[in-house]
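Here's the structure we're looking at; comments come further down.
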Amino acid sequence: MSDRTMEPSTQYRKTWAEINLDAIYSNVSSFRKLIPPQKQVMAVVKANGYGHGAIPVAQEALAAGATWLGVAYLKEALELREAGITAPILLFGYLPEEFVPIAQKHNISISINDFTTFYALYDAVDQGLPPAKFHLKIDTGMSRLGFTEETELLQVIHDYTTRKAAENAHQGTIQHSSLVEWEGIYTHLATADEEESTYFEGQVSAFTNILKLIRSHGLEIPYIHMANSAGIIRLLDFPDTNLVRLGISMYGLYPSPQIKKDFPFRLQPAFSLHSYFSLVKKIKPKTGVSYGITYMSDGEEWLGTIPIGYADGWSRRLSNQADVLVGGRRMKIVGRICMDQCMIQLDQSYSKEEKVTLIGKQAGDEISVDEVAQILNTINYEITCMIGYRVPRVYVKDGKRLE
Ligand SMILES: *Cc1c(COP(=O)(O)O)cnc(C)c1O
(Lines give C-alpha, C1' and ligand atoms only; values in the text may rest on other atoms or scores of the structure.)
Protein backbone atom coordinates (compact mmCIF):
# COMPACT_ATOMS: atom_id res chain seq x y z
CA MET A 1 0.00 0.00 0.00
CA SER A 2 3.05 2.26 0.03
CA ASP A 3 2.52 5.18 -2.32
CA ARG A 4 5.29 7.66 -1.65
CA THR A 5 5.36 8.67 -5.31
CA MET A 6 2.21 10.71 -4.72
CA GLU A 7 3.77 12.76 -1.98
CA PRO A 8 3.48 16.46 -2.83
CA SER A 9 6.99 17.14 -1.60
CA THR A 10 7.07 20.76 -2.72
CA GLN A 11 4.24 21.53 -0.27
CA TYR A 12 6.15 19.97 2.64
CA ARG A 13 2.95 18.24 3.53
CA LYS A 14 1.52 14.74 3.26
CA THR A 15 -2.07 15.66 2.66
CA TRP A 16 -3.20 16.32 -0.87
CA ALA A 17 -6.16 16.42 -3.23
CA GLU A 18 -5.54 14.38 -6.32
CA ILE A 19 -7.17 15.68 -9.49
CA ASN A 20 -7.50 13.14 -12.26
CA LEU A 21 -7.39 15.11 -15.52
CA ASP A 22 -8.06 11.93 -17.50
CA ALA A 23 -11.45 11.82 -15.77
CA ILE A 24 -12.14 15.45 -16.78
CA TYR A 25 -11.18 14.59 -20.36
CA SER A 26 -13.39 11.53 -20.39
CA ASN A 27 -16.40 13.39 -18.95
CA VAL A 28 -16.12 16.31 -21.38
CA SER A 29 -15.66 13.88 -24.30
CA SER A 30 -18.74 11.90 -23.25
CA PHE A 31 -20.81 15.11 -23.24
CA ARG A 32 -19.26 16.27 -26.50
CA LYS A 33 -20.32 13.00 -28.17
CA LEU A 34 -23.81 13.22 -26.69
CA ILE A 35 -24.57 16.85 -27.50
CA PRO A 36 -25.59 17.72 -31.08
CA PRO A 37 -22.55 19.01 -33.00
CA GLN A 38 -24.03 22.48 -33.60
CA LYS A 39 -24.04 23.14 -29.86
CA GLN A 40 -20.81 24.34 -28.28
CA VAL A 41 -19.70 23.38 -24.79
CA MET A 42 -18.76 25.95 -22.16
CA ALA A 43 -16.65 24.42 -19.39
CA VAL A 44 -17.62 26.11 -16.12
CA VAL A 45 -14.45 26.64 -14.06
CA LYS A 46 -15.61 29.18 -11.48
CA ALA A 47 -14.46 28.86 -7.87
CA ASN A 48 -11.10 27.57 -9.06
CA GLY A 49 -12.76 24.84 -11.08
CA TYR A 50 -15.09 23.78 -8.24
CA GLY A 51 -11.96 23.39 -6.12
CA HIS A 52 -10.12 21.23 -8.69
CA GLY A 53 -7.90 24.02 -10.05
CA ALA A 54 -9.27 26.22 -12.82
CA ILE A 55 -6.26 26.33 -15.13
CA PRO A 56 -5.49 22.61 -15.54
CA VAL A 57 -9.22 21.82 -15.73
CA ALA A 58 -9.80 24.51 -18.36
CA GLN A 59 -6.88 23.27 -20.46
CA GLU A 60 -8.10 19.69 -20.24
CA ALA A 61 -11.71 20.62 -21.04
CA LEU A 62 -10.63 22.65 -24.08
CA ALA A 63 -8.50 19.73 -25.28
CA ALA A 64 -11.54 17.46 -24.93
CA GLY A 65 -13.78 19.64 -27.09
CA ALA A 66 -15.08 22.51 -24.96
CA THR A 67 -14.76 25.86 -26.73
CA TRP A 68 -15.91 28.32 -24.05
CA LEU A 69 -15.08 28.86 -20.39
CA GLY A 70 -17.43 30.21 -17.72
CA VAL A 71 -16.42 31.93 -14.48
CA ALA A 72 -18.12 33.97 -11.76
CA TYR A 73 -15.69 36.83 -11.21
CA LEU A 74 -13.30 38.91 -13.31
CA LYS A 75 -10.30 37.82 -11.25
CA GLU A 76 -11.03 34.21 -12.20
CA ALA A 77 -11.13 35.13 -15.88
CA LEU A 78 -7.86 37.08 -15.65
CA GLU A 79 -6.12 34.09 -14.06
CA LEU A 80 -7.08 32.01 -17.10
CA ARG A 81 -5.77 34.71 -19.46
CA GLU A 82 -2.52 34.99 -17.47
CA ALA A 83 -2.08 31.24 -17.98
CA GLY A 84 -2.19 31.87 -21.74
CA ILE A 85 -5.71 30.57 -22.34
CA THR A 86 -7.25 32.41 -25.30
CA ALA A 87 -10.65 30.68 -25.51
CA PRO A 88 -13.72 32.89 -25.10
CA ILE A 89 -14.66 33.43 -21.45
CA LEU A 90 -18.04 34.47 -20.05
CA LEU A 91 -18.36 36.13 -16.68
CA PHE A 92 -21.62 35.05 -14.98
CA GLY A 93 -21.51 37.48 -12.08
CA TYR A 94 -22.09 41.22 -11.94
CA LEU A 95 -19.07 43.22 -13.00
CA PRO A 96 -18.92 46.66 -11.38
CA GLU A 97 -18.77 49.15 -14.27
CA GLU A 98 -15.38 50.60 -13.41
CA PHE A 99 -13.84 47.25 -14.35
CA VAL A 100 -15.42 47.00 -17.81
CA PRO A 101 -12.26 48.22 -19.60
CA ILE A 102 -10.27 45.40 -17.97
CA ALA A 103 -12.73 42.88 -19.38
CA GLN A 104 -12.48 44.58 -22.79
CA LYS A 105 -8.71 44.55 -22.73
CA HIS A 106 -8.60 40.81 -22.03
CA ASN A 107 -11.46 39.87 -24.33
CA ILE A 108 -13.75 38.66 -21.58
CA SER A 109 -17.50 38.65 -22.21
CA ILE A 110 -19.65 40.00 -19.42
CA SER A 111 -23.21 39.36 -18.28
CA ILE A 112 -25.74 42.18 -18.29
CA ASN A 113 -28.40 41.65 -15.68
CA ASP A 114 -30.58 44.71 -15.70
CA PHE A 115 -31.34 48.10 -17.14
CA THR A 116 -28.82 49.97 -15.05
CA THR A 117 -25.86 47.79 -15.98
CA PHE A 118 -26.85 47.88 -19.64
CA TYR A 119 -26.71 51.68 -19.82
CA ALA A 120 -23.71 51.88 -17.51
CA LEU A 121 -21.88 49.65 -19.97
CA TYR A 122 -22.03 52.35 -22.66
CA ASP A 123 -20.61 54.91 -20.25
CA ALA A 124 -17.93 52.56 -18.99
CA VAL A 125 -16.45 51.29 -22.27
CA ASP A 126 -12.97 52.36 -23.22
CA GLN A 127 -13.32 53.52 -26.83
CA GLY A 128 -9.68 52.79 -27.55
CA LEU A 129 -10.17 49.09 -26.87
CA PRO A 130 -12.02 46.34 -28.77
CA PRO A 131 -15.79 46.36 -28.10
CA ALA A 132 -17.21 45.22 -24.77
CA LYS A 133 -19.02 41.95 -25.44
CA PHE A 134 -22.05 41.10 -23.38
CA HIS A 135 -24.52 38.28 -22.85
CA LEU A 136 -27.93 39.40 -21.69
CA LYS A 137 -29.12 37.39 -18.72
CA ILE A 138 -32.84 36.67 -18.54
CA ASP A 139 -34.42 35.72 -15.24
CA THR A 140 -37.02 33.09 -16.06
CA GLY A 141 -37.52 31.93 -12.48
CA MET A 142 -34.23 31.59 -10.66
CA SER A 143 -34.66 35.09 -9.18
CA ARG A 144 -30.92 35.59 -8.87
CA LEU A 145 -29.69 37.77 -11.71
CA GLY A 146 -31.24 38.86 -14.98
CA PHE A 147 -34.04 40.80 -16.65
CA THR A 148 -37.54 39.93 -15.53
CA GLU A 149 -39.62 42.53 -17.37
CA GLU A 150 -40.44 42.14 -21.03
CA THR A 151 -40.87 45.91 -21.35
CA GLU A 152 -37.29 46.40 -20.16
CA LEU A 153 -36.07 43.84 -22.63
CA LEU A 154 -37.92 45.59 -25.45
CA GLN A 155 -36.31 48.85 -24.39
CA VAL A 156 -32.86 47.23 -24.50
CA ILE A 157 -33.54 45.79 -27.96
CA HIS A 158 -34.67 49.19 -29.16
CA ASP A 159 -31.77 51.13 -27.67
CA TYR A 160 -29.16 48.61 -28.75
CA THR A 161 -30.33 48.60 -32.36
CA THR A 162 -30.64 52.40 -32.41
CA ARG A 163 -27.16 52.92 -31.00
CA LYS A 164 -25.77 50.28 -33.36
CA ALA A 165 -27.23 52.13 -36.32
CA ALA A 166 -25.74 55.39 -35.03
CA GLU A 167 -22.36 53.76 -34.50
CA ASN A 168 -22.42 52.41 -38.03
CA ALA A 169 -23.29 55.87 -39.40
CA HIS A 170 -20.32 57.36 -37.57
CA GLN A 171 -17.83 54.73 -38.56
CA GLY A 172 -14.40 56.25 -38.79
CA THR A 173 -14.94 58.86 -36.13
CA ILE A 174 -14.48 56.23 -33.44
CA GLN A 175 -11.70 53.69 -33.52
CA HIS A 176 -13.89 50.61 -33.63
CA SER A 177 -17.02 49.95 -35.55
CA SER A 178 -18.79 49.16 -32.30
CA LEU A 179 -18.42 50.03 -28.63
CA VAL A 180 -20.66 47.32 -27.33
CA GLU A 181 -21.42 43.99 -28.92
CA TRP A 182 -24.45 41.85 -28.03
CA GLU A 183 -22.86 38.43 -28.15
CA GLY A 184 -25.24 36.22 -26.25
CA ILE A 185 -28.46 35.71 -24.35
CA TYR A 186 -29.09 33.18 -21.61
CA THR A 187 -31.06 32.06 -18.62
CA HIS A 188 -30.36 29.74 -15.69
CA LEU A 189 -32.53 26.84 -14.54
CA ALA A 190 -33.46 26.43 -10.89
CA THR A 191 -34.79 22.86 -10.84
CA ALA A 192 -33.27 21.02 -13.82
CA ASP A 193 -31.93 18.31 -11.49
CA GLU A 194 -35.29 17.55 -9.88
CA GLU A 195 -37.84 14.85 -10.68
CA GLU A 196 -40.77 17.25 -10.71
CA SER A 197 -40.58 19.18 -13.97
CA THR A 198 -43.40 21.74 -13.95
CA TYR A 199 -41.26 24.66 -12.85
CA PHE A 200 -38.46 23.59 -15.19
CA GLU A 201 -40.85 23.48 -18.15
CA GLY A 202 -42.16 26.90 -17.18
CA GLN A 203 -38.66 28.35 -17.33
CA VAL A 204 -37.94 26.69 -20.66
CA SER A 205 -41.11 28.03 -22.22
CA ALA A 206 -40.53 31.53 -20.77
CA PHE A 207 -37.09 31.57 -22.37
CA THR A 208 -38.47 30.24 -25.65
CA ASN A 209 -40.93 33.15 -25.70
CA ILE A 210 -38.14 35.65 -25.06
CA LEU A 211 -36.18 34.21 -27.98
CA LYS A 212 -39.24 34.53 -30.24
CA LEU A 213 -39.59 38.14 -29.18
CA ILE A 214 -35.96 38.87 -29.98
CA ARG A 215 -36.18 37.18 -33.38
CA SER A 216 -39.33 39.11 -34.18
CA HIS A 217 -37.22 42.28 -33.91
CA GLY A 218 -34.79 40.93 -36.47
CA LEU A 219 -31.98 40.67 -33.96
CA GLU A 220 -29.52 37.80 -34.52
CA ILE A 221 -27.61 37.01 -31.35
CA PRO A 222 -24.67 34.64 -31.89
CA TYR A 223 -24.91 32.62 -28.65
CA ILE A 224 -28.07 31.38 -26.97
CA HIS A 225 -27.78 29.20 -23.89
CA MET A 226 -29.78 27.80 -21.01
CA ALA A 227 -28.60 24.36 -19.84
CA ASN A 228 -26.37 23.55 -16.87
CA SER A 229 -25.22 19.92 -16.40
CA ALA A 230 -28.69 18.65 -15.49
CA GLY A 231 -30.28 20.82 -18.20
CA ILE A 232 -28.00 19.30 -20.83
CA ILE A 233 -29.33 15.83 -20.08
CA ARG A 234 -32.93 17.08 -20.07
CA LEU A 235 -32.75 19.40 -23.06
CA LEU A 236 -30.64 17.36 -25.45
CA ASP A 237 -32.79 17.97 -28.48
CA PHE A 238 -33.90 21.48 -27.59
CA PRO A 239 -33.39 23.32 -30.88
CA ASP A 240 -33.23 26.95 -29.77
CA THR A 241 -29.82 27.02 -28.11
CA ASN A 242 -26.30 26.61 -29.45
CA LEU A 243 -24.20 26.57 -26.29
CA VAL A 244 -24.40 24.59 -23.02
CA ARG A 245 -22.77 25.39 -19.68
CA LEU A 246 -21.19 22.24 -18.28
CA GLY A 247 -20.18 22.45 -14.63
CA ILE A 248 -20.49 19.77 -11.96
CA SER A 249 -20.67 16.79 -14.32
CA MET A 250 -17.43 17.73 -16.04
CA TYR A 251 -15.87 16.98 -12.65
CA GLY A 252 -17.52 13.56 -12.65
CA LEU A 253 -20.31 14.32 -10.20
CA TYR A 254 -24.06 14.01 -10.75
CA PRO A 255 -26.11 17.20 -10.25
CA SER A 256 -28.47 15.24 -7.99
CA PRO A 257 -29.22 11.61 -7.12
CA GLN A 258 -32.56 11.93 -8.97
CA ILE A 259 -31.05 12.77 -12.35
CA LYS A 260 -28.31 10.15 -12.18
CA LYS A 261 -30.47 7.52 -13.92
CA ASP A 262 -31.01 9.82 -16.91
CA PHE A 263 -27.30 9.95 -17.74
CA PRO A 264 -26.60 7.73 -20.76
CA PHE A 265 -22.95 7.30 -19.70
CA ARG A 266 -21.04 6.92 -16.46
CA LEU A 267 -19.20 9.89 -15.07
CA GLN A 268 -15.64 9.56 -13.77
CA PRO A 269 -15.02 11.45 -10.52
CA ALA A 270 -11.88 13.60 -10.79
CA PHE A 271 -11.44 14.54 -7.13
CA SER A 272 -9.89 12.44 -4.39
CA LEU A 273 -8.35 13.36 -1.04
CA HIS A 274 -5.50 11.59 0.73
CA SER A 275 -3.09 11.78 3.60
CA TYR A 276 -0.48 9.76 5.50
CA PHE A 277 -0.36 9.10 9.22
CA SER A 278 1.67 11.48 11.31
CA LEU A 279 1.47 9.05 14.24
CA VAL A 280 0.05 5.59 14.92
CA LYS A 281 -0.16 4.38 18.51
CA LYS A 282 -1.96 2.04 20.86
CA ILE A 283 -4.21 3.69 23.43
CA LYS A 284 -5.30 2.20 26.74
CA PRO A 285 -8.90 1.32 27.64
CA LYS A 286 -11.01 4.33 28.68
CA THR A 287 -8.78 6.85 26.97
CA GLY A 288 -10.46 9.97 25.63
CA VAL A 289 -9.77 11.20 22.11
CA SER A 290 -9.57 14.88 21.12
CA TYR A 291 -11.22 18.03 22.48
CA GLY A 292 -14.24 17.45 24.67
CA ILE A 293 -13.71 13.65 24.71
CA THR A 294 -16.59 12.89 22.34
CA TYR A 295 -14.98 9.47 21.88
CA MET A 296 -13.46 7.16 24.49
CA SER A 297 -11.81 3.80 23.83
CA ASP A 298 -13.44 0.63 25.14
CA GLY A 299 -10.47 -1.64 25.29
CA GLU A 300 -6.95 -1.22 23.97
CA GLU A 301 -7.17 0.35 20.53
CA TRP A 302 -4.98 1.39 17.66
CA LEU A 303 -5.32 5.05 16.78
CA GLY A 304 -3.84 7.02 13.88
CA THR A 305 -3.45 10.78 13.57
CA ILE A 306 -3.59 12.40 10.12
CA PRO A 307 -2.56 15.96 9.24
CA ILE A 308 -5.84 17.43 7.96
CA GLY A 309 -8.41 19.43 9.90
CA TYR A 310 -11.21 21.92 9.64
CA ALA A 311 -8.81 24.70 8.63
CA ASP A 312 -8.31 22.63 5.47
CA GLY A 313 -12.04 22.54 4.91
CA TRP A 314 -12.38 19.06 6.42
CA SER A 315 -15.43 20.15 8.36
CA ARG A 316 -15.63 19.66 12.12
CA ARG A 317 -19.16 18.39 11.52
CA LEU A 318 -17.59 15.21 10.10
CA SER A 319 -16.30 14.38 13.61
CA ASN A 320 -17.36 10.86 14.64
CA GLN A 321 -19.30 10.66 11.34
CA ALA A 322 -17.05 10.18 8.34
CA ASP A 323 -15.04 7.10 7.43
CA VAL A 324 -11.67 6.94 5.72
CA LEU A 325 -10.05 4.07 3.81
CA VAL A 326 -6.90 2.47 5.13
CA GLY A 327 -5.49 -0.67 3.53
CA GLY A 328 -8.66 -0.88 1.44
CA ARG A 329 -10.89 -1.00 4.51
CA ARG A 330 -13.19 1.52 6.17
CA MET A 331 -12.06 3.05 9.47
CA LYS A 332 -13.81 5.71 11.53
CA ILE A 333 -12.81 9.25 12.32
CA VAL A 334 -13.10 9.35 16.11
CA GLY A 335 -13.23 12.36 18.40
CA ARG A 336 -13.53 15.94 17.25
CA ILE A 337 -11.75 17.02 14.12
CA CYS A 338 -9.18 19.66 15.14
CA MET A 339 -8.00 22.67 13.16
CA ASP A 340 -5.08 20.83 11.52
CA GLN A 341 -5.48 17.17 12.45
CA CYS A 342 -7.89 14.36 13.15
CA MET A 343 -7.76 10.86 14.57
CA ILE A 344 -8.73 7.51 13.05
CA GLN A 345 -9.71 4.36 14.90
CA LEU A 346 -7.63 1.53 13.42
CA ASP A 347 -8.02 -2.24 13.37
CA GLN A 348 -4.27 -2.82 13.75
CA SER A 349 -0.97 -0.99 13.62
CA TYR A 350 -0.06 0.70 10.33
CA SER A 351 3.18 2.24 9.14
CA LYS A 352 3.54 5.87 8.17
CA GLU A 353 3.76 4.67 4.58
CA GLU A 354 0.15 3.60 4.63
CA LYS A 355 -2.03 5.86 2.51
CA VAL A 356 -5.22 7.18 4.11
CA THR A 357 -7.99 8.06 1.65
CA LEU A 358 -10.64 10.48 2.85
CA ILE A 359 -12.36 10.75 -0.54
CA GLY A 360 -11.72 8.27 -3.33
CA LYS A 361 -11.11 4.58 -3.94
CA GLN A 362 -8.96 1.98 -2.27
CA ALA A 363 -9.13 -1.67 -3.27
CA GLY A 364 -12.84 -2.41 -3.78
CA ASP A 365 -14.24 0.34 -1.61
CA GLU A 366 -14.95 3.99 -2.28
CA ILE A 367 -15.78 7.05 -0.20
CA SER A 368 -17.51 9.30 -2.68
CA VAL A 369 -17.89 13.07 -2.63
CA ASP A 370 -21.63 12.32 -2.41
CA GLU A 371 -21.15 10.28 0.78
CA VAL A 372 -19.38 13.19 2.49
CA ALA A 373 -22.04 15.58 1.19
CA GLN A 374 -24.76 13.39 2.64
CA ILE A 375 -23.17 13.40 6.11
CA LEU A 376 -22.97 17.18 5.98
CA ASN A 377 -26.51 17.44 4.63
CA THR A 378 -25.34 19.40 1.60
CA ILE A 379 -24.64 18.87 -2.11
CA ASN A 380 -21.50 17.43 -3.72
CA TYR A 381 -20.73 20.87 -5.26
CA GLU A 382 -19.93 22.24 -1.81
CA ILE A 383 -17.55 19.46 -0.83
CA THR A 384 -14.91 19.93 -3.54
CA CYS A 385 -15.19 23.73 -3.14
CA MET A 386 -14.73 23.58 0.62
CA ILE A 387 -11.34 21.84 0.60
CA GLY A 388 -9.04 24.79 1.14
CA TYR A 389 -5.88 25.73 -0.69
CA ARG A 390 -3.65 24.76 2.19
CA VAL A 391 -4.27 21.31 0.71
CA PRO A 392 -2.13 21.05 -2.43
CA ARG A 393 -3.72 19.83 -5.66
CA VAL A 394 -1.76 17.09 -7.39
CA TYR A 395 -2.60 16.39 -11.04
CA VAL A 396 -2.72 13.05 -12.77
CA LYS A 397 -2.71 12.86 -16.56
CA ASP A 398 -2.28 9.82 -18.81
CA GLY A 399 -2.25 7.83 -15.59
CA LYS A 400 0.89 9.63 -14.35
CA ARG A 401 1.42 12.34 -11.79
CA LEU A 402 2.31 15.72 -13.30
CA GLU A 403 5.22 17.60 -11.79
C1 LIG B 1 -22.37 27.37 -11.97
C2 LIG B 1 -23.17 27.67 -13.15
C3 LIG B 1 -23.38 26.71 -14.15
C4 LIG B 1 -22.92 25.27 -14.01
O5 LIG B 1 -23.91 24.52 -13.34
P6 LIG B 1 -23.71 22.95 -13.04
O7 LIG B 1 -24.93 22.56 -12.33
O8 LIG B 1 -22.49 22.86 -12.19
O9 LIG B 1 -23.53 22.28 -14.34
C10 LIG B 1 -24.05 27.09 -15.29
N11 LIG B 1 -24.51 28.35 -15.44
C12 LIG B 1 -24.36 29.30 -14.50
C13 LIG B 1 -24.89 30.66 -14.73
C14 LIG B 1 -23.69 29.00 -13.32
O15 LIG B 1 -23.56 29.93 -12.38
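Residues whose amide H falls under 5 Å from that of Glu354, counting only those 5 or more places apart or on a different chain, are Phe277, with hydrogens built in the peptide plane.
Under a 5 Å amide H cut-off, with hydrogens placed 1.01 Å from N, Ala192 pairs with nothing among residues at least 5 apart or on other chains.
Subtracting the Cα-Cα distance of Arg215 and Arg163 from their residue separation scaled by 0.36 nm leaves 16.9 nm.
Classify segment 12-108 from the C-alpha gyration tensor, please: rounded if a/c falls under 1.5, else prolate or oblate depending on whether a/b exceeds b/c.
Values: a/c = 2.29, a/b = 1.18, b/c = 1.94.
Oblate shape, in that a/c is at least 1.5 and b/c is the bigger or equal ratio.
I need the GluC sites (Glu not before Pro) found in segment 291-357, filtered to DSSP loop residues with at most 14 other beta carbons within 10 Å of theirs.
On the way: sites: Glu300, Glu301, Glu353, Glu354; in loops: Glu300, Glu353.
Qualifying residues, ordered by number: Glu300, Glu353.
3J(HN,Hα) couplings calculated from phi for segment 353-370 with the Karplus curve 6.51 cos²θ - 1.76 cosθ + 1.60 (θ = phi - 60°) are, in sequence order, 7, 7, 6, 10, 10, 8, 9, x, 10, 8, 6, x, 9, 9, 9, 8, 4, 4 Hz; Gly and Pro show x.
Put simply, the amide H of Thr140, placed in the peptide plane, has neighbours under 5 Å in His188, leaving out anything fewer than 5 places away on its chain. Net charge in the neighbourhood of Tyr254 (other residues with Cβ under 15 Å of its Cβ; Lys, Arg +1, Asp, Glu -1) is -4. For Arg266 and Ala83, the FRET efficiency from 1/(1 + (r/R0)^6), where r spans their Cβ atoms and R0 equals 30 Å, is about 0.50. Using θ = phi - 60° in the Karplus curve 6.51 cos²θ - 1.76 cosθ + 1.60, the 3J(HN,Hα) couplings for segment 261-268 round to 5, 7, 6, x, 9, 8, 7, 10 Hz; x is entered for Gly and Pro. In the chain, helices alone account for a calculated mean residue ellipticity at 222 nm of -8500 deg cm²/dmol, with every DSSP H run of four or more residues adding -39,500 (n - 2.57).
Straightening the chain between Glu371 and Ser197 buys 60.0 nm, computed as 0.36 nm per residue apart minus the Cα-Cα spacing.
Phi angles across segment 302-316 convert, under the Karplus curve 6.51 cos²θ - 1.76 cosθ + 1.60 with θ = phi - 60°, into 3J(HN,Hα) values of 8, 9, x, 10, 10, x, 8, x, 5, 5, 8, x, 7, 3, 4 Hz, Gly and Pro given as x.
Can you give the accessible area per residue of segment 130-265, in Å², using a 1.4 Å probe? It would help to have the intermediate numbers written out before the result.
On the way: 6020 Å² over 136 residues.
Here the per-residue accessible area is 44 Å².
Report in % the part of the accessible area of segment 325-402 that belongs to carbon and sulfur, leaving out ligands and nucleic acids; probe 1.4 Å. Exposed carbon and sulfur together represent 48 percent of the surface.
The values are calculated or read from the model by the stated rules, or taken from the named source; none is laboratory data. Model, not experiment: these values are computed from the prediction. Cβ sites come from the backbone with ideal geometry, for glycine too, and all protein chains shown count toward neighbours. For the accessible areas, the whole protein counts, side chains as well, though only heavy atoms, and no ligand, DNA or RNA atoms are used. Shrake-Rupley method; radii C 1.70, N 1.55, O 1.52, S 1.80 Å.
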